[in-house]
Every structure is written in structure tokens, then in C-alpha cells.
Amino acid sequence: MTKSSVIAELKALVIKEVEAQQKQLRELSLKIHSAPELGFKETKASGWLTQYLEKNGFAIERGISGLPTAFKGSYGEGKPVIAILAEYDALPKLGHACGHNLIAGSAVGAGVASKAAIDRFGGSVLVIGTPAEELFGGKAIMAEQGVFNSVDLAMMVHPGVYDAATTQALACIGLDVEFLGKAAHASAQPEAGINALEAMLLSFAAINSLRQHIKDKARIHGIITDGGEAANIVPAHSAGIFIVRAEDDGYLDELRERVLDCFVGAAAATGARLEYRWGKVRYAPLRNNLALARLFRQNMQSLGRKVLLSNPSKAFGSTDMGNVSQIVPAIHPDVAIAPKEVIAHSPEFAQAAASEAGIKGMLDSAKALAMTVVDLVANPEIVARIKREFGGR
Ligand SMILES: [Zn+2]
Ligand SMILES: [Zn+2]
């Protein structure tokens, strides 16, 4: 038997292995969908996922990196070490409006199906459970803790409205701001007050002015979380949460200083005192490994999907997979689960994440990921090429 026919046979086998899990993966992803849990509170989801992996022969470590809902499932030994990443956190009020329940299903499904490839060619497959993608950047924390140091490459598939092998995600950091002023009767003695709300409003005005003159793809957005107590009291306190994003880390550093100047200026203008805190976790821009993306794309196309090399959407967000992609070769392709006009983080997208198209996207993703594992363990030269593109370590 030639090597290519062994590979073809093994790919057919891992497809069958995903199909054999179809019922369980559907149930698992719908169960997670109907019990949405916010970042770092995903106890049910991480429990169900680790149980499933354990039952299917994976060795499980729970609570890795000091994060109770993070986990690592391992199968096999030695190189290459291939990580498949699962997300399972939901959004406040909207539930699974980012479809992370499907990411979870595709990751464990791919992991279990990949066992056939590991048994035949060696190497190891890890299914790494990464909590709190939306709000706290679980992967950024795990990357800092060294979870990916022994990993050769990392893959995951995210639900979207395009089938695309690569996508763009922005560097991103959060900013908490407070202004401290002085309360006074707003009518009887306005001259005695220092208006913390006005400082916040001026900051928004300054940011709006700044926004006209920033680079394409950069984003600044925020909300006011405290704007005072009563209309007849000069607000002594105001607070807001902001997010600053840019295409690369260098511009993010530049932009965050300019954003901060908007608040500093507003403090000077009003006499309110500024207090601020940059987010502990910073999302890095996503670095797509093209050699790995092309391999995944071929496998996904062989399942009858037409997959673009890059996502044409201008709807840029950020992902903590960016942080992983700066450490190891990585891909974060999109699988279409809804029509193009549906936007992520909407009730319609939450519906799509439990639809037949969603389940189909999850199963196809699991198949293509497992087929890519076949390519990787069977062809050390492909792994070497992927690492060369990344720059080695
Ligand atoms: Zn997401
Ligand atoms: Zn999201």
C-alpha cells in the first residue's frame, strides 16, 4: 500500500469516527447551548466535555493554569503535539450568540476521531479547554502560564457566516476609567461642585474627534457605567469601560496613549481627578499560519464546502487565539452556520448556533480537523514546513 493510499484510508476512517459520534456531539453542543455560562463560570460545560473525553480514552487534567474551568485532555505520546482548542463560554443576556457550543463539540469530536491517526502514526493530540474567550481572555492567561510551550501547533474552528481558512482579528485592550469630582446642589450651589459626569462626556467628545484621524481598522468604543445619582446633585463620581483595538501591537501602543490623553484632557478641563486601569489581559492580533490553513482548507473542501482562503468580512473583532498564534503556528478558520446578513453576538446568531446548519458546521469542522491531524502525523515534512513559516523556536 502506498503512503498516500494509507492516508486516504485513514481520512475516510476519521470521517466515519466523527459520524459515529454524531448523536453525542449534537446532544453535547445543544446541552451547552441551552445552559449558557459566562466566562470562568463554565462548570457544567467543562464537566460535560471532560467527561466525554475521559470516556473516550483521553487522560484529563482539570483546572489547569489555576483556572477551574480550563482543562487538558491528552491522547498519545511524543511529537508532533497537536492541540485542538475548545471554547464554551457564553455572552451576558445573549447566551451562545458566538456559537462557542459548536466550537466545543467540534473540538472534542475531532480529538476523539483523531485517535485513529495517532494509533497508526504516533504523536499526540490534545484537546485543550480554554474558558472565558469573550470577557477575560482565558487563552492569553494560559499562554502566559506556559500551556502551549510543549505544543507544536494549535487549531480550532469558529462559527461564522463564511467558510474561510483564515480570518483577521485585532489587537485589543480594555480600559476602566473613573472621574472623581465633588458633589454639590446642582441649582443652589453649582459653583461649589466638580462635575465628574461632564469629565466623562468630554472624554467621549474627545475620543469622537480622535476617531476621525486614526488608522483603518482601529476601534475605540465604550460605555458609561456610572453617571451620577440624581439630577439635582452635581455628580461626584463617574465611571466607564472602554476597549481600544488596532491592527497590530505597535499601533495599539500608540493609540492607547492618545486615548488616555482624551481622559487626561477632560480631567484638566473639569477639575475632576482621573483614575484609570488598563486591562490585565491584552488580546494579541491573530497570526494565521498559511501552510496549516491551506491544509485545513483542502480537507474542508473535500467534504463539499467551498472554502475561501481568507475571510472577506470587514467585521473585525478580537480573539484570545491571537495570543496562542504568537507562540505556536495556529489557525482559526471560520465555518458558515448562518446567512451572510446575520451578525455574531446577536439573537439570530444564537439561534443559528443551535440550528441544523450549526450542527452540520460543527460536524464538518470536526471531520476537517481530524483529517488535518492525519496529514500532520503522517507527514513530518508538512509539520516542518508549517514551523518554518512560523519561524521556528
Ligand atoms: Zn467567539
Ligand atoms: Zn464572540
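The values are calculated or read from the model by the stated rules, or taken from the named source; none is laboratory data. Not measured: the values here are computed from a predicted model. In this analysis, Cβ positions are derived from the backbone assuming ideal geometry, glycine residues included, and neighbour counts consider all displayed protein chains. Just so you know, the surface numbers come from the protein's heavy atoms only, side chains and all, with ligands and any DNA or RNA stripped out. Shrake-Rupley method; radii C 1.70, N 1.55, O 1.52, S 1.80 Å.
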Given the C-alpha centroids of the range 173-206 and the range 283-335, what is the distance between them in whole angstrom?
44
Alpha carbon centre of the range 1-48 versus the range 120-138: separation in Å?
13
Within the set Ile128, Ile84, Ile214, GNM on the chain using Cα springs under 10 Å gives the largest fluctuation to Ile214
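Using a cut-off of 13 Å between beta-carbons, work out the net charge of the residues near Asp89 (Lys and Arg +1, Asp and Glu -1, Asp89 not included). Working shown, then result.
Values: positive: Lys41, Lys44, Lys139; negative: Glu37, Glu42, Glu87, Glu133, Glu134, Asp320.
Summing Lys/Arg as +1 and Asp/Glu as -1 gives -3.
Around Ala132, what is the net charge, scoring Lys/Arg as +1 and Asp/Glu as -1 over all other residues with Cβ under 13 Å from its Cβ? Walk me through the numbers before you get to the answer.
Details: positive: Lys41, Lys139, Lys280; negative: Glu37, Glu42, Glu87, Asp89, Glu133, Glu134, Asp320.
Within the 13 Å Cβ shell, the charges total -4.
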In whole Hz and in residue order, list the ³J(HN,Hα) couplings for the range 190-202 that follow from phi through the Karplus curve 6.51 cos²θ - 1.76 cosθ + 1.60, θ = phi - 60°; x for Gly and Pro.
x, 5, 8, x, 10, 8, 5, 5, 4, 4, 5, 5, 5
Work out from phi, with θ = phi - 60° and the Karplus expression 6.51 cos²θ - 1.76 cosθ + 1.60, the ³J(HN,Hα) of each residue of the range 68-83, listed in order in whole Hz, and give x for Gly and Pro.
x, 9, 8, 8, 9, x, 10, 9, x, 9, x, 8, x, 9, 10, 9
Tilt of helix 22-34 relative to the longest C-alpha principal axis of the chain, in degrees (0 to 90, nearest 10)?
10
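On average, how much accessible surface per residue is there in the range 168-258, in Å², for a 1.4 Å probe, leaving out ligands, DNA and RNA?
On the way: 4550 Å² over 91 residues.
With all protein chains present, the range 168-258 gives 50 Å² per residue.
Could you state the accessible area per residue of the range 277-322 in Å², with a 1.4 Å probe and every protein chain left in place? Let's see the in-between values first.
Values: 2270 Å² over 46 residues.
For the range 277-322, the solvent-accessible area averages 49 Å² per residue.
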Note on the range 72-158: alpha-carbon gyration tensor, axes a ≥ b ≥ c; rule is a/c under 1.5 for rounded, else prolate if a/b larger than b/c, else oblate; result oblate
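Work through the residues other than Arg120 whose Cβ is under 13 Å from its Cβ and net out their charges, Lys, Arg +1 and Asp, Glu -1. Present the calculation step by step, with values, prior to reporting the outcome.
On the way: positive: Lys3, Lys11, Lys115; negative: Glu9, Glu17, Asp119, Asp375.
My count for the surroundings of Arg120 gives -1.
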With Cα atoms, 0 to 90° folded angle of helix 43-55 axis to the chain main axis
10
Difference of contour (0.36 nm per residue) and Cα-Cα distance, Lys314 to Glu27
100.0 nm
Note, the range 340-357: 3J(HN,Hα) by Karplus (6.51, -1.76, 1.60, θ = phi - 60°), whole Hz, Gly/Pro = x, goes 4, 7, 6, 9, 5, 6, 10, x, 5, 6, 4, 5, 4, 5, 10, 8, 4, 4
How far is helix 380-390 tilted off the main Cα axis of the chain, in degrees rounded to 10, range 0 to 90?
20
What does the accessible area of Asp163 come to, in Å² to the nearest 10, when a probe of 1.4 Å is used?
20
For Leu38, which sequence-distant residues (separation of 5 or more, or a different chain) have an amide H within less than 5 Å of its own amide H, given hydrogens modelled in the peptide plane?
Ala90
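Counting only DSSP beta bridges with both residues in the chain, tell me the antiparallel percent, nearest 5. Walk me through the numbers before you get to the answer.
On the way: 40 of 57 bridges.
About 70 percent, rounded to the nearest 5.
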